[in-house]
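Worksheet: the structure to be examined is printed underneath.
The values are calculated or read from the model by the stated rules, or taken from the named source; none is laboratory data. Note that this is a predicted model, so its numbers are computed, not measured. Cβ placement follows ideal geometry from the backbone for every residue including glycine, while neighbour counts extend to all protein chains displayed. Ligands, DNA and RNA are excluded from the accessible area calculation, which covers all protein heavy atoms including side chains. Shrake-Rupley method; radii C 1.70, N 1.55, O 1.52, S 1.80 Å.
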Amino acid sequence: MGVNWGALLVVAVASAGVAVTLVALVACAVVGLSAPQGRRTARTGAAVGVVCVLAAATIVGFGLAVIAG
Amino acid sequence: MDASVIVVVVVVTALAFDFTNGFHDTANAMATSIATEALRPRTAVAVAGVLNLAGAFLSVEVARTISSGLVDDAQVTPTLIFAGLVGAIVWNLLTWVVGMPSSSSHALIGGLIGATLVVAGPDAVHLGGVFGKVVLPALVAPLLAGLVALAATGLAYRITARADVAGVRRGFRIGQVVSASMVALAHGANDAQKTMGVMTLALVAGGLLAPGSGPPFWVILSAGTTIALGTYMGGWRIIRTLGRRISEIQTTQGFTAETTSASVILASTHLGLPLSTTQTCTGAIFGAAAGRRPAVVHWGLAGRMVLAWTATLPAAAVVGAVASGIAATGTAGVVVVALGGLTVAAGLYLVSRRDAVHAGNVNELGAPVPTRVAA
C-alpha cells in the first residue's frame with residue numbers, strides 16, 4: 001500500500017504541538033495586553049504579552065525557515 | 001495534433017484549473033476572518049492572493065509527488081492530462097456554484113486517474129500510491145485538524161475566561177490577520193504545486209523535459225501567479241458557507257481554526273504529503289466551532305460536505321474518463337472536449353448569476369442551505 005505512517009505521525013504530532021502552543025501563547029498575550037488598570041498590573045500584563053508574542057513569532061519564523069530551507 | 005501544440009493546450013488548461021483552484025479555495029484562508037470582520041472582504045482576498053503567490057515558491061515537494069507518484073509517467077500523454085484537467089475543472093465549478101467546499105486536489109487526481117484508466121488501463125495507475133499518499137491523508141487531515149482545533153479552542157477560552165471581553169475580541173482579531181495569512185501562504189505552498197506537477201508531467205510526456213525533472217522556474221511563476229489571481233477573484237459562495245453556515249464564529253475560534261489549518265498544511269507540505277487544504281480547513285472550522293458550543297454547529301452540513309468529498313474523486317474521474325475517450329480520437333476530439341468544457345463552464349457561471357454572492361453580501365446568510373440544525 002505504500003503508506004508512509006512515519007510521515008503521517010510526524011505531521012500529526014508536529015502540527016498539533018505547534019498549533020496548541022501558538023494558541024496558548026497568543027491567548028496569554030491577549031490576556032496580558034488587555035489587563036485591567038492599575039499600573040503594576042498593566043505593566044506586568046504588557047511584559048507577559050510581549051514575551052508571548054515574541055515567542056509565537058519565533059516559532060512561526062523557525063517553522064517557515066525549516067520549510068523554505 | 002502536433003506534440004508541442006497539445007502541450008501548449010495542456011499548459012493553458014492547467015493554468016485554468018489553477019485559477020479555479022484559487023477562487024474555489026479562497027475560503028479556506030479567509031472565510032472566518034471575513035465572517036468575524038477581522039478583515040474586510042476585498043482586503044482579505046488581496047492578502048490571500050499575494051501570499052498564495054509567495055507560498056508557491058516555498059517548496060516543490062508536493063509537485064514532485066504529483067508528477068511521479070500516482071500514475072505511470074511512461075503511459076501518460078499530454079492528451080490524457082488535458083482530459084483529466086477538464087474533469088477537475090468541471091467538478092470545481094459545479095461545487096463552487098452550490099457553495100460546497102470540496103477538494104481541488106482530489107478533483108485533479110480523480111480526473112487524471114479517470115483519464116488514465118480509459119487510455120492506458122488500470123496497470124498505469126499506482127493504487128498503492130493513491131491510497132497511501134492521497135486517500136489516507138485525506139481521511140486523516142480533517143479529523144486531525146478538527147481534534148486539534150477543538151482542543152486549542154477549549155484551551156483558548158479557558159485561558160481568556162476572566163479577561164476583558166472587548167480586549168480578547170480585539171486581540172484575536174489582530175491574531176486572525178496573521179493566522180489567516182499563514183493559511184494563505186500554506187495554501188499557495190501546497191496547492192500551486194499540484195498544478196506545477198501536472199504541467200511538469202505534461203512537459204515530460206511531451207518530451208520537452210527529462211523524466212524525473214522538477215518544475216522549471218517559469219512553471220512555478222505561472223502557477224503561482226494564476227492561483228493568486230484566482231484567489232483575488234474570491235470564491236464568495238464558499239466563503240459564505242464556511243464563514244457563516246457552519247456556526248456563528250467568534251474571533252477566538254477563527255484564530256484557532258486558522259492556526260491549526262496552517263500548522264497541519266505546512267507540516268504535510270514539508271513532508272511531501274499532498275493534503276487537501278479544503279478538508280483540513282473545514283475540519284478545523286468544525287472543530288473550533290464545537291470547541292465553544294457543539295450544540296449550535298450545523299452538523300447536517302458536515303454530512304453534506306462528507307458526501308461531496310466522497311463523490312469528488314470518482315465524479316472527476318468519470319468526467320476525466322469521458323473527456324479522455326473523446327480526446328483520444330484525435331485533434332477533433334480535443335477540440336470537442338475543449339468546447340464542451342467551455343460550454344459547461346459558461347453555463348455554470350450563468351447559473352451562479354441568478355443568486356450572485358459578492359464582497360458586499362458575503363456575510364449575509366441568503367437562501368438557507370436545506371439541512372437540520374442540532375437542538
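Miscellaneous remarks
- Filtered residue count, the stretch B:233-282, keeping only those that are away from chain A (no Cβ under 12 Å) and in contact with a Gly (Cβ under 6 Å, 6 or more places away or on another chain): 3
Let's see how each residue does on (1) of a type in the set (S, T, N, Q); (2) open to solvent by less than 20 Å² (accessible area, probe 1.4 Å); (3) assigned to a helix (DSSP H, G or I):
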residue: B:Gly22; (1), (2), (3): no, yes, yes
residue: B:Asn28; (1), (2), (3): yes, yes, yes
residue: B:Ala44; (1), (2), (3): no, yes, yes
residue: B:Val50; (1), (2), (3): no, no, yes
residue: B:Leu53; (1), (2), (3): no, no, yes
residue: B:Phe82; (1), (2), (3): no, yes, yes
residue: B:Gly111; (1), (2), (3): no, yes, yes
residue: B:Gly114; (1), (2), (3): no, yes, yes
residue: B:Asp123; (1), (2), (3): no, no, yes
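- Residues located in the stretch B:141-183, provided they are open to solvent by 50 Å² or more (accessible area, probe 1.4 Å), under 22 Å from B:Asn28 (Cα atoms) and within 7 Å of chain A (Cβ to nearest Cβ): B:Ala151
- The residues of the stretch A:30-59 that are within 7 Å of chain B (Cβ to nearest Cβ) and either in contact (Cβ under 8 Å) with a residue 24 or more places away in the chain or part of a helix (DSSP H, G or I) (or both), listed by number, are A:Val30, A:Val31, A:Leu33.
- Restricting the first member to the stretch A:6-26 and to residues that are more than 7 Å from chain B (Cβ to nearest Cβ) and surrounded by fewer than 19 Cβ atoms within 10 Å (Cβ to Cβ), and the second to residues that are assigned to a helix (DSSP H, G or I) and β-branched (Val, Ile, Thr), the beta-carbon pairs closer than 7 Å and six or more apart or on different chains are A:Thr21/A:Ile59.
- Residue match in the stretch B:337-351 (condition: assigned to a loop (DSSP other than H, G, I, E, B) and either modelled with pLDDT of 90 or more or within 22 Å of the chain's Cα centre (by Cα) (or both)): no
- Single residue of the stretch B:125-140 satisfying the filter (over 18 Å from B:Gln279 (Cα atoms) and within 12 Å of another protein chain (Cβ to nearest Cβ)) that is most open to solvent (accessible area, probe 1.4 Å): B:Leu127
- In the stretch B:125-141, the residues that are of a type in the set (A, V, I, L, M, F, W, C) and assigned to a helix (DSSP H, G or I): B:Leu127, B:Val130, B:Phe131, B:Val134, B:Val135, B:Leu136, B:Ala138, B:Leu139, B:Val140, B:Ala141
- Counting only helices (runs of 4 or more DSSP H) that fall entirely inside the stretch B:200-309 and contain at least 3 residues that are among the polar types (S, T, N, Q) and either open to solvent by 40 Å² or more (accessible area, probe 1.4 Å) or in contact with an Asp or Glu (Cβ under 9 Å, 6 or more places away or on another chain) (or both), the qualifying elements are B:217-233.
- Pair list, Cβ < 9 Å and 6+ apart or interchain, from the stretch B:123-150 residues that are more than 25 Å from A:Val18 (Cα to Cα) to residues that are acidic (Asp, Glu) and surrounded by fewer than 22 Cβ atoms within 10 Å (Cβ to Cβ): B:Asp123/B:Asp72; B:Ala124/B:Asp72; B:Val125/B:Asp72; B:His126/B:Asp72
Conditions (1) farther than 20 Å from B:Ser102 by Cβ; (2) free of Cβ contacts under 8 Å to residues at least 12 places away in the same chain, marked per residue:
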{"site": "B:Thr256", "(1), (2)": "yes, no"}
{"site": "B:Ala308", "(1), (2)": "no, no"}
{"site": "B:Gly320", "(1), (2)": "no, no"}
{"site": "B:Gly347", "(1), (2)": "no, yes"}
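- Residues of the stretch B:1-9 include none that is at negative phi, among the acidic types (Asp, Glu) and in a helix (DSSP H, G or I).
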